[in-house]
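For reference, the structure discussed in these notes is given below.
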Amino acid sequence: MDVILTQTDTTVGFLSQNETRLQDIKSRKNEKPFIKVYTNLKNFKKYKNRVPKTQKSRVRRAQKTTFIVKNFAFRVAQHRLSSMLLNAKWSYSTSANEASKKFNREFCEEKTDIIIENKELLCEGAPSSLLKINTKKIRKLR
């Protein structure tokens, strides 16, 4: 599977369904999971994912937010840039940079297979909020 460099709804990111390729690019340990981004809630449910009943409304209305439920990190984000991204019902996502460094276009272009950008080009923005949720409480991690 290809690695795509694109502007996400929050910042510049690498998207792929190949977790191993993303781990190689980011020099990341296998134990650290990636965020799984779904194109809509229908696709999220299709893959048998569950959210605690008390949090369903929060997840449905959330924008620019990543949720962690039982060590599974996910977010729902519409990709307005390309039908290629919409056809993939989900993808792993990570920020487009070397570990602990800022966005570097040359590094990203070297590591990616496909670049998708619009007239605003690629720009580093704030990452998504990160909430760990369960049936009783919510903990903000980022």
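The values are calculated or read from the model by the stated rules, or taken from the named source; none is laboratory data. A quick note: this is a predicted structure, and the numbers were derived from the prediction, not measured. No Cβ is skipped: glycine too gets one built from the backbone with ideal geometry, and neighbour counts run over all protein chains shown.
Can you name every residue in the range 96-142 that is at pLDDT 85 or above and acidic (Asp, Glu)?
Glu106, Glu109, Glu110, Asp113
Is it the case that the range 118-138 has a residue that's closer than 14 Å to Ile25 by Cα and not β-branched (Val, Ile, Thr)?
Checked against the condition, which is being closer than 14 Å to Ile25 by Cα and not β-branched (Val, Ile, Thr), the range 118-138 yields no hits at all.
Can you report the number of residues in the range 108-120 which are exposed (fewer than 10 other Cβ atoms within 10 Å of the Cβ) and either in contact with a Lys or Arg (Cβ under 9 Å, 6 or more places away or on another chain) or within 22 Å of Gln63 (Cβ to Cβ) (or both)? Steps first, please.
Taking the range 108-120 as the starting set, the residues that turn out to be exposed (fewer than 10 other Cβ atoms within 10 Å of the Cβ) are 110, 119-120.
From the residues that got through so far, the ones that are either in contact with a Lys or Arg (Cβ under 9 Å, 6 or more places away or on another chain) or within 22 Å of Gln63 (Cβ to Cβ) (or both) too are 120.
Qualifying residue count for the region: 1.
If Ile133 satisfies all but one of (1) among the β-branched types (Val, Ile, Thr); (2) more than 22 Å from Asp2 (Cβ to Cβ); (3) out of contact with any helix residue (DSSP H, G or I) (no Cβ under 7 Å at 6 or more places or on another chain); (4) surrounded by 14 or more Cβ atoms within 10 Å (Cβ to Cβ), what's the number of the condition it fails?
Of (1) among the β-branched types (Val, Ile, Thr); (2) more than 22 Å from Asp2 (Cβ to Cβ); (3) out of contact with any helix residue (DSSP H, G or I) (no Cβ under 7 Å at 6 or more places or on another chain); (4) surrounded by 14 or more Cβ atoms within 10 Å (Cβ to Cβ), only one is false for Ile133: (3).
Can you name the residue in the range 12-43 that is β-branched (Val, Ile, Thr) and surrounded by fewer than 19 Cβ atoms within 10 Å (Cβ to Cβ) and is also nearest to Arg61 (Cα to Cα) among such residues?
As a first pass, look at the range 12-43 and keep what is β-branched (Val, Ile, Thr): 12, 20, 25, 35, 37, 39.
Within this subset, residues satisfying the condition of being surrounded by fewer than 19 Cβ atoms within 10 Å (Cβ to Cβ) are 20, 39.
Working: Thr20: 31, Thr39: 14 Å.
Of everything passing the filter in the range 12-43, Thr39 is nearest to Arg61 (Cα to Cα).
For residues that are modelled with pLDDT under 85 and acidic (Asp, Glu), scanning just the range 6-50, find the one that is nearest to Glu109 (Cα to Cα).
Applying the filter and picking the extreme gives Asp9.
What number of residues in the range 44-70 are of a type in the set (Phe, Trp, Tyr) and surrounded by fewer than 18 Cβ atoms within 10 Å (Cβ to Cβ)? Break it down into steps so the answer makes sense when it comes.
Narrowing the range 44-70 to residues of a type in the set (Phe, Trp, Tyr): 44, 47, 67.
If we keep only those that are surrounded by fewer than 18 Cβ atoms within 10 Å (Cβ to Cβ) as well, we get 47.
Final tally of qualifying residues: 1.
Can you confirm whether Lys102 is farther than 17 Å from Gln7 by Cβ, basic (Lys, Arg) and surrounded by fewer than 15 Cβ atoms within 10 Å (Cβ to Cβ)? Before you say what the answer is, go through the steps one by one.
On the way: farther than 17 Å from Gln7 by Cβ: no; basic (Lys, Arg): yes; surrounded by fewer than 15 Cβ atoms within 10 Å (Cβ to Cβ): yes.
Taking the combined requirement at face value, the residue does not satisfy it.
Among the strands (runs of 3 or more DSSP E) lying completely within the range 40-142, list those that include at least 1 residues that are of a type in the set (Ser, Thr, Tyr).
Details: elements: 65-69, 72-76, 90-95, 114-116, 129-133, 138-140.
Output list reads 65-69, 90-95, 129-133.
Go through (1) touching an Asp or Glu at 6+ places or on another chain (Cβ under 9 Å); (2) at pLDDT 90 or above; (3) surrounded by fewer than 13 Cβ atoms within 10 Å (Cβ to Cβ) and name the single condition Arg80 misses.
Only one criterion is unmet by Arg80, namely (2).
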